[in-house]
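Here the structure is laid out as structure tokens; the discussion comes afterwards.
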Amino acid sequence: MTESKTAKPVPDIPVSLFAAVMGIAGLGLAWRKSAPILGVAPWIGEVLIFAGVLVFAVIAAAYGLKIARAPQAMRDEANDLKRVAFFATVPLSLQLLAAGAFPLDHAIATLMWVVGTAAQCILLLIILMRWMQGGHPRRIFQPSLFLPSAGLLLGPATGYHLGFVELGWMMFTLGLLLWLLFLVMLFERLFFDMPLTDEELPLLAIPVTPPALAFMSYVALNQQVIDGFARFLFYAMLLFLILALAHASRFARVRFSLGWWSFTFPAGAAAGAAMEYSGAIGTDFPAILCIAMLLLTTGLVGYCGVRTIMGVREGSLFKIIS
């Protein structure tokens, strides 16, 4: 029998939905950082991080069902250069959950960090090798390509505290080089080739992520010292955040889709970086900016969460593979 005759109907869950885990966990980490800075209740961040764990388990089970019943759909995602980068959201989620688990259980945090980091590096190598074959039209380059290398910039922030100091420096260096390379490619497309379509527009928030993660990892590796390079990374993040916010009116006209989750983790990373920067330099950094970033991220995650639940109940978000 062919696969189409034996396969049972299953929702076509995109691997990019793991961005929801990143958004929720990233928001939880930002709220955790805000407790000593803004004096908010510490339990808020812990609840959100736990919610990220539950959402990861649900999405992983749903995607595992898709792989079991409709493996060709997963292979189609993996073979599409536009979509394959979103597989990085899985190990990135593990790295974020490792950061959430670190104060609670060192062994579990280490396990999740090692698995997530190893998977991220393998995936990055595979994607780079495919891109280096050449002959690809420039229009298929999207900001999502930042995701596979983002794990190199995210990992050291937790890896340093887990004892992976030299590995953290190596990851940071390689991640920084790839960020700069991809940044040039992105702006070459935007300036000289073609702008992002409405469908791709939520991805415009993703460039906020690399400098935000690089800042937090560098500060950890630099033993919490804010020097000139740390400031460069932080204000580079603010530049990309401003550029993304400048498109707010256009964002508002785009119909909600699962791609909207692409807004959430960059906002959470920016909020977390702002909390860390404020905590390091004190009153010189306006607390109102930290509050604004935290509220923006909370609003985005809340909106995307409500709309996703509504879409699931209505059956309008996922097509059915039969």
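So, of the residues in segment 27-53 that are surrounded by fewer than 22 Cβ atoms within 10 Å (Cβ to Cβ) and in contact with a Ser or Thr (Cβ under 8 Å, 6 or more places away or on another chain), which turns out to be nearest to A99 (Cα to Cα)?
G45
Of the numbered conditions (1) assigned to a helix (DSSP H, G or I); (2) modelled with pLDDT of 90 or more; (3) over 19 Å from the mean Cα position of the chain (by Cα), L104 fails exactly one; give the number of that condition.
(1)
Could you list, in sequence order, the residues of segment 241-272 that are at pLDDT 90 or above and exposed (fewer than 15 other Cβ atoms within 10 Å of the Cβ)? Even if it seems obvious, please write down each step before you answer.
If we filter segment 241-272 for residues that are at pLDDT 90 or above, which is where we start, we get 241-246, 260-272.
Within segment 241-272, I242, L243, L245, A246 qualify.
Please state which one of T308, T297 is buried (at least 24 other Cβ atoms within 10 Å of the Cβ) and of a type in the set (S, T, Y).
T297
Restricting attention to segment 51-88, report how many residues are at pLDDT 95 or above and not hydrophobic (A, V, I, L, M, F, W, C).
Total satisfying the criteria: 1.
Among L147, L176, L180, L213, which is the only one that is under 15 Å from F86 (Cα atoms) and either touching a strand residue (DSSP E or B) at 6+ places or on another chain (Cβ under 9 Å) or among the hydrophobic types (A, V, I, L, M, F, W, C) (or both)?
Of the residues listed, the single one that is under 15 Å from F86 (Cα atoms) and either touching a strand residue (DSSP E or B) at 6+ places or on another chain (Cβ under 9 Å) or among the hydrophobic types (A, V, I, L, M, F, W, C) (or both) is L147.
Can you tell me which residue among K8, K33 is out of contact with any Pro (no Cβ under 7 Å at 6 or more places or on another chain), of a type in the set (K, R), modelled with pLDDT under 95 and in a helix (DSSP H, G or I)?
None of the other options fit; the residue is K33.
Run R307 past the list (1) touching a residue at least 24 places away in the same chain (Cβ under 8 Å); (2) in contact with a Phe, Trp or Tyr (Cβ under 7 Å, 6 or more places away or on another chain); (3) within 22 Å of L29 (Cα to Cα) and report the number of the one that doesn't hold.
For R307, the failing item is (3).
Can you tell me which residue among L186, L145 is surrounded by fewer than 22 Cβ atoms within 10 Å (Cβ to Cβ), farther than 20 Å from L97 by Cα and in contact (Cβ under 8 Å) with a residue 24 or more places away in the chain?
Values: L145 fails: surrounded by fewer than 22 Cβ atoms within 10 Å (Cβ to Cβ).
Residue meeting the stated conditions: L186.
Can you tell me which residue in segment 54-75 is farthest from G26 (Cα to Cα), limited to those that are crowded, with 17+ Cβ neighbours inside 10 Å and of a type in the set (G, A, S)?
A70
The values are calculated or read from the model by the stated rules, or taken from the named source; none is laboratory data. Predicted, not measured: the structure shown is a model, and the values here were computed from it. FYI the Cβ positions are ideal-geometry reconstructions off the backbone, even for glycines, and counts take in every protein chain you see.
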